[in-house]
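A.B. asks: Have a look at the structure that comes next, please.
The values are calculated or read from the model by the stated rules, or taken from the named source; none is laboratory data. Given the structure is predicted, the values throughout are model-derived calculations rather than measurements. All Cβ positions, even for glycine, are placed from backbone atoms using ideal geometry, and neighbour counts span all protein chains on display. Quick note on the areas: whole protein, heavy atoms, side chains included, nothing else; ligands and nucleic acids left out. Shrake-Rupley method; radii C 1.70, N 1.55, O 1.52, S 1.80 Å.
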Amino acid sequence: VDVFQAWCGPCKPVVNLFQKIRNEVCSDLLHFAVAEVDSIDALGKYRGQCEPVFLFYTGGELVAVVRGANAALLQKTILEQL
């Protein structure tokens, strides 16, 4: 989940990275979503930050967090979680 604030917007380059990885691994387990922190009370702790935050969930549980648009770290985390 790409967690963002309305004044900053979602991290669009990550969508391309996600699509590339999904095409390479051909996994139906991999899903990408965006969530605006101002609209979801449960994400309140991520408000006021100017860097993107990526939350990784498995079976409804948070299993990893990546802060910042670090493509290499995001790719590594995605592959590890798959």
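A.B. asks: On the accessible surface of the chain, probed at 1.4 Å, how many percent belong to carbon and sulfur atoms?
C.D. replies: Result for the chain: 54 percent of the exposed heavy-atom area is carbon or sulfur.
A.B. asks: Let me ask something additional. Would you mind pulling out the separation of the Cα centroids of region 1-54 and region 58-82, in Å?
C.D. replies: 11
A.B. asks: For region 2-81, with every protein chain kept in place, what is the accessible area per residue (1.4 Å probe, Å²)?
C.D. replies: Accessible area per residue, region 2-81: 63 Å².
A.B. asks: Tally Lys and Arg at +1 and Asp and Glu at -1 over the other residues with C-beta under 12 Å from the C-beta of ALA64: what net charge comes out?
C.D. replies: 0
A.B. asks: Among the lysines, which fall within straight-line cross-link reach of LYS20, defined as a Cα-Cα distance under 18 Å, with same-chain neighbours fewer than 8 residues apart omitted?
C.D. replies: Of all the lysines, those that pass the test against LYS20 - Cα under 18 Å, at least 8 places apart if same chain - are LYS12, LYS76.
A.B. asks: Also, I was wondering about something else. Please give me, ordered by residue number, the trypsin sites (Lys or Arg not before Pro) of region 43-82 that lie in loop per DSSP and have at most 16 other Cβ atoms within 10 Å.
C.D. replies: For trypsin sites (Lys or Arg not before Pro) across region 43-82 that sit outside H, G, I, E and B with at most 16 neighbouring Cβ atoms in 10 Å, the list reads ARG47.
A.B. asks: I would also like to ask the following. If Lys and Arg each add +1 and Asp and Glu each add -1, what is the summed charge of the other residues whose beta carbon sits under 11 Å from the beta carbon of PHE4?
C.D. replies: -2
A.B. asks: Once amide H atoms are built 1.01 Å from N in the peptide plane, which residues 5 or more positions from TYR57, or in another chain, come under 5 Å H to H?
C.D. replies: Distant-sequence amide H within range of TYR57: VAL63.
A.B. asks: Here's another thing I want to ask about it. When Lys and Arg each count +1 and Asp and Glu each count -1, what net charge do the other residues less than 11 Å away from PRO52, Cβ to Cβ, add up to?
C.D. replies: Summing Lys and Arg as +1 and Asp and Glu as -1 gives 0.
A.B. asks: Moving on. For helix 12-25, report the angle its Cα long axis makes with the longest principal axis of the Cα atoms of the chain; keep it between 0 and 90° and round to the nearest 10°.
C.D. replies: That works out to roughly 20 degrees.
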